[in-house]
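Notes to accompany the following structure.
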Amino acid sequence: MSITAIVGAQWGDEGKGRIVDYLAQLSKVVIRFQGGDNAGHTIVNEYTQKTPNGKVALHLVPSGIFNPETLCIVGTGCAVNPQGILNEIKALEAIGLSTKNLWLSERTQMVLPYHGLLDSHREGTAGQLGTTKRGIGPAYTDKMARRGLRLGDLKRPTWLKTRLEQALDFANRELSYFGAPTFELETLYEQCLKWGEELAPRIVDTLPLIQQAFQQDQPILLEGQLGVMRDIDWGIYPYCTSSNPTPGFGAIGAGLPVWAIERVVAVVKAYTTIVGHGPFVSELMQDSAVGHHLREVGGEYGATTGRPRRCGWLDGVALAYSTWLNGFTDLAITKLDVLDGLAEVKICVGYRLPSGEVLTRFPDTLDLMPDLNHPDKRSTLEPVYETYPGWADTKAARAWGELPETAQRYLKRIEELTQVFGRVKPRLRYISVGAERHQMFEIG
Ligand code: GDP
Ligand code: IMO
Ligand code: MG
């Protein structure tokens, strides 16, 4: 039995998609366990080469889809925009990919058009969070308020109409409050029926599929969205998403016993990026030479919204916090090549408070933001860095021994920073030095 969760160890966009695409080659099932189309999981492989820009950003479809033999399941813990997933299916089929192996849990919440509109209007008011405006927060709010609609409802017209009427009652009241256009029940109901017709064959009870794979000891991957630093409970609240990207929720969102998860792979970008608001101590301003290097060489623009990502050095304080919360067993370091050519590289190992005291433990959000009026809710704490010599080139490396010694030392230090909790001792396992499938290797 091998059940592996692949989760973001930082603030999202670590390269989860590329790691899942790689590992899915040897897996029977891949299950996306939370989040919605706020995700942008970029894949570069032989299939995506047929697209105009050579890559595909998946938003809801699990990143195992490029392996026709692998069952790909959108799990119960997700929030699915029906039009969004239909668009994604069409785009994949247009490059000749079969999506017959894609299944959607009938229990998955739906993101409906009013959710996106509510997200935009809520963002427009004070206390802006910098969301993707995909309606994720409003959809999960409805789930918890128990007025959400689920994919299975698309197959039960009478029930669908009753539920839609109740949900719209709330949504329209809030839209009116914002002075926004409201939704007509009949129009949206007709639209839902059309989505239902197109999606019905894929909307199933996914548990028997998962149970069968589990009973037969087949390898299963659980694919997370975003990263723990935006987790609704442990992330930089309120600048976070509305679900839990941590592997504990992987079991819940997929429908597996919690003890079944054997490995938790941390996807760690070799530096840090953030898209959206919130405190980020090791942030480098765009006008710094390294900040500019990271964004331009790393292509750090959001795969979903196109927004420029905020870039900075690797945050070892946040990574240690993340290691504990996720219980990592393995580290997959991505984008090492982006640091190629820098004279020196740094790791943030502490946050200096205005009092001079240095924090080495990740604190609650407001302790990171003594200046609450700062634009983008940035942190004004001073990062404490360790500095290491850089290296020339890692792109051609396909084994640990082929990496420059200085790069090895940097990676070993990252591993060390995660091994501070006694029984939680992840080890360096995968190193990625380029976006293509073959540009990564496993450390034996
Ligand atoms: P995800 O949301 O965690 O799947 O990550 P994204 O797809 O949003 O962002 C990761 C970006 O980095 C994508 O453009 C990937 O193609 C790219 N990428 C992934 N791994 C590497 C790598 O090792 N080197 C380089 N240069 N790019 C990479
Ligand atoms: P992947 O899976 C990076 C950020 C948004 C915002 C916050 C809340 O590709 O790593 P939301 O729309 O979820 O309510 O926005 O979370 N965010 C992401 N940042 N990668 C993502 O997904 C993200 N999904 C949401 O920018 O700050
Ligand atoms: Mg992404």
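Quick look at the values:
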item: Sole residue being at pLDDT below 95 and in contact with an Asp or Glu (Cβ under 9 Å, 6 or more places away or on another chain), chosen from LEU372, LEU381; result: LEU381
item: GLU106 touching a Leu at 6+ places or on another chain (Cβ under 7 Å) and either within 16 Å of ligand 1 (Cβ to nearest atom) or not small (Gly, Ala, Ser) (or both); result: yes
item: Elements of type strands (runs of 3 or more DSSP E) in the stretch 1-46, at least 3 residues being in the same structural domain as VAL317 (by TED's automatic domain parsing) and under 25 Å from PRO308 (Cβ atoms); result: 41-43
item: Residue check for LEU372: more than 26 Å from the chain's Cα centre (by Cα), more than 19 Å from TYR271 (Cβ to Cβ) and either assigned to a loop (DSSP other than H, G, I, E, B) or assigned by TED's automatic domain parsing to the domain that holds VAL281 (or both); result: yes
item: Residue in the stretch 248-258 that is outside any strand (DSSP E or B), under 27 Å from GLN128 (Cβ atoms) and open to solvent by 10 Å² or more (accessible area, probe 1.4 Å) present; result: yes
item: THR380, sole failed condition from (1) part of a loop (DSSP other than H, G, I, E, B); (2) surrounded by 18 or more Cβ atoms within 10 Å (Cβ to Cβ); (3) of a type outside the set (A, V, I, L, M); result: (2)
item: Hits in the stretch 213-247 (condition: touching a residue at least 40 places away in the same chain (Cβ under 8 Å), open to solvent by 30 Å² or more (accessible area, probe 1.4 Å) and part of a helix (DSSP H, G or I)); result: PHE214
item: Inter-residue pairs, beta-carbon under 6 Å, first modelled with pLDDT under 95 and in the stretch 354-367, second in a loop (DSSP other than H, G, I, E, B) and open to solvent by 100 Å² or more (accessible area, probe 1.4 Å), 6+ apart; result: THR365/TYR237
item: THR329 under 27 Å from VAL424 (Cβ atoms), within 16 Å of ligand 3 (Cβ to nearest atom), in contact (Cβ under 8 Å) with a residue 40 or more places away in the chain and not basic (Lys, Arg); result: no
item: Scope the stretch 113-137; condition within 21 Å of the chain's Cα centre (by Cα), crowded, with 22+ Cβ neighbours inside 10 Å and among the aliphatic types (A, V, I, L, M); matching residues; result: ILE136
item: Any chance ALA145 is open to solvent by 20 Å² or more (accessible area, probe 1.4 Å), assigned by TED's automatic domain parsing to the domain that holds LEU221 and of a type outside the set (Val, Ile, Thr); result: no
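Table: residues versus (1) open to solvent by 20 Å² or more (accessible area, probe 1.4 Å); (2) touching a helix residue (DSSP H, G or I) at 6+ places or on another chain (Cβ under 6 Å); (3) within 16 Å of ligand 2 (Cβ to nearest atom).
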position	(1), (2), (3)
LYS16	no, no, yes
GLN25	yes, no, no
PHE33	no, yes, yes
ASP37	no, yes, yes
GLN49	yes, no, no
LYS55	yes, yes, yes
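The values are calculated or read from the model by the stated rules, or taken from the named source; none is laboratory data. Computed from a prediction, not measured in an experiment: that's the story for all the values here. Positions of Cβ are backbone-derived with ideal geometry, glycine not excepted, and every protein chain shown enters the neighbour counts. We work out accessible area using only protein heavy atoms, side chains counted, and drop any ligands, DNA or RNA first. Shrake-Rupley method; radii C 1.70, N 1.55, O 1.52, S 1.80 Å.
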